Amino acid sequence: MQPKKKTIKVMIAEDQAIILQSLAGLVNSIDNIEVVGTALNGLELLKQLESEKPDIVLMDISMPKMNGMETTRIIDEKMPWVKVIVLSCHDHPVFIKKMFRSGAKGFLSKNATELELEKAINTVFEGGIHLSEDISRSAMMTFIATDASGEELPDPSALTSREMEIIQFLADGFLSKEIAEKLFISVKTVERHKTNILKKLQVRNTAQMVKVATDMGLMLN
């Protein structure tokens, strides 16, 4: 008779309640895996981690109050025995690179199947690394090439909420004067934000800015 497998304890951080509930139900349906807690943002998750002792955290990136990148970094520093698997719709190389540098041990697309989710949890629990099968080969080649060259990829997490608003307005075809009127700020302030965005995304003009933001999954549908 084989010994019973240890139950893997999982916590989930996801800011959309419906997705969170559905994901928790899915994870609980997998043999030897149990959801011991859920959170709608990073701060809520860290508070729960003071009392709960999960093996794995499934972590969304885009969350209010504290995003997944910062939360993962804190977990890696203060609770390194807790292993983080990112579960996100953002599969651009920059997100993958930043999350692994923050301490993540796995990266799953939100399009992942139940079978891959189970595989990822078991792989990371046993000390391995899991990268989503949905991550495109070309994206990973970019990721690897950039790492090898030593160049630093643009960091989307450095963008402020105001800068994100301005990128969206620019993508929608609004001019600086129109953006200023909508946001009740001066044209000079809009231009200053645009300059900062160009630096953060490492691009030269508005067209490149919008393209990079779109490629990174930062734009609203």
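What pairs from LYS6/LYS97; LYS5/LYS83; LYS47/LYS200; LYS65/LYS182 go past 23 Å between their alpha carbons? Distance filter (> 23 Å) returns LYS6/LYS97; LYS47/LYS200; LYS65/LYS182.
By count of other Cβ within 10 Å, fewest leading, how are ARG204, ARG162 ordered?
Going from sparsest to densest Cβ surroundings: ARG204, ARG162.
Spatial offset of the stretch 154-196 relative to the stretch 58-87 amounts to 28 Å, using the alpha carbon center of each.
Taking the mean number of other Cβ atoms within 10 Å as a proxy for protection, how do you rank 58-70, 11-23 from highest to lowest?
On the way: 58-70: 21.2, 11-23: 17.9.
Top of the packing list down: 58-70, 11-23.
Each residue of the stretch 67-74 is assigned a 3J(HN,Hα), and the resulting list reads 6, x, 5, 5, 5, 4, 4, 5 Hz, derived from the Karplus form 6.51 cos²θ - 1.76 cosθ + 1.60 (θ = phi - 60°), x at Gly and Pro. The simple spin-label model puts a point 7 Å past each Cα toward its Cβ; for GLU114 and ARG204 those points are separated by 5.2 nm.
Quick note: the coordinates plus some simple rules give every number you see, no bench work behind them. Here the structure is a predicted model, which is why all the values come from computation and not from measurement. All Cβ positions, even for glycine, are placed from backbone atoms using ideal geometry, and neighbour counts span all protein chains on display.
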